[in-house]
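Only one structure is covered here, and it is reproduced in the block below.
The values are calculated or read from the model by the stated rules, or taken from the named source; none is laboratory data. Since this is a predicted model, take the numbers as computed values, not measurements. Cβ placement follows ideal geometry from the backbone for every residue including glycine, while neighbour counts extend to all protein chains displayed. Heavy atoms of the whole protein, side chains included, go into the accessibility calculation; ligands, DNA and RNA do not. Shrake-Rupley method; radii C 1.70, N 1.55, O 1.52, S 1.80 Å.
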Amino acid sequence: STIKGPEGYFKVSKGAPHVILDMAHNRDEIHDKVEEVVNGFAMRGVRCLSVGRTQVTPKQGGEDRWEYLGIITFLDPPRPDTAATIARAEQLGVGVKMITGDHKAIAVDMAKQLKMGCRIEGTDGLPEFDVESGEIPQDLGDRYGAMIEAADGFAGVFPEHKFLIVEALQQRGYMVGMTGDGVN
């Protein structure tokens, strides 16, 4: 968000800790401490967002020098009926995978709460989407399908990853449905 204050314009942003950290001018100096704090919270099932802002510039469109401001923590427990819904889906032969932008430790904790499999992978090895070409590779299922099938879920993903995971499974002949707060 761009904000006009009494001194001029500045931007603020909130988001995934690693994204905001990468924007910060002093990321190398604070990286280890931020990672330590975020990982510590994640191991307890506490989610984190980070907040950053730019320095004030006299006019809009000035140079952006981002400052990392801090971490916001919150709990986001599953709905009371989620575990039963997942169990019922699996009884009916529907495989369920968790695909989340959350930290891997959060995803593993959530999978345990929901009595799901806990083989949660990161984004390493997942396909990347070539935004410039806009074309979906027709060999996603062949190249990534076995790895995606073997995992119980994926953490730290971006929306593009979710799309390509679904596409890879569809290329392997699966009928795929998805739900969640960001993809309804």
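Surface composition of the chain: carbon plus sulfur atoms hold 51% of the accessible area, using a 1.4 angstrom probe and ignoring ligands, DNA and RNA. Compactness ratio for region 115-184: Cα radius of gyration over 2.2 N^0.38 Å (N = residue count) comes to 1.09. Taken along its principal axes, the alpha carbon cloud of region 84-138 reaches lengths of 42, 27, 14 Å, longest axis first. Normalised by residue count, region 62-184 yields a Cα convex hull volume of 154 Å³ per residue.
If you average 1/r over all unlike Cα pairs in region 1-111 and invert the result, what Kirkwood radius do you get in angstrom? Write down the numbers at each step before the final one.
Values: mean 1/r = 0.0611 Å⁻¹.
Every distinct Cα pair counted, the radius reaches 16.4 Å.
You can think of it this way: the chain between PHE74 and THR179 has 35.6 nm of extra reach, that is 0.36 nm per residue less the Cα-Cα gap. Result for the chain in a Gaussian network model with C-alpha springs under 10 Å: among VAL51, VAL96, VAL12, the largest mean-square fluctuation is at VAL12.
Coordinate range of the alpha-carbon atoms in region 47-117 per principal axis, descending: 61, 20, 19 Å. For the pair ILE30 and LYS4, a Förster radius of 35 Å applied to the C-beta separation gives a FRET efficiency near 0.80, rounded to the nearest 0.05.
Lys-Lys pairs in the chain that are eight or more residues apart or on separate chains and whose Cα atoms lie under 17 Å of each other come to 8. Backbone geometry of region 125-133 corresponds, through the Karplus equation with coefficients 6.51, -1.76 and 1.60 at θ = phi - 60°, to 3J(HN,Hα) couplings of x, 7, x, 10, 9, 7, 4, 5, 7 Hz, x marking Gly and Pro. Between GLN113 and ALA150, the simple spin-label model (points 7 angstrom out along Cα→Cβ) gives 2.9 nm.
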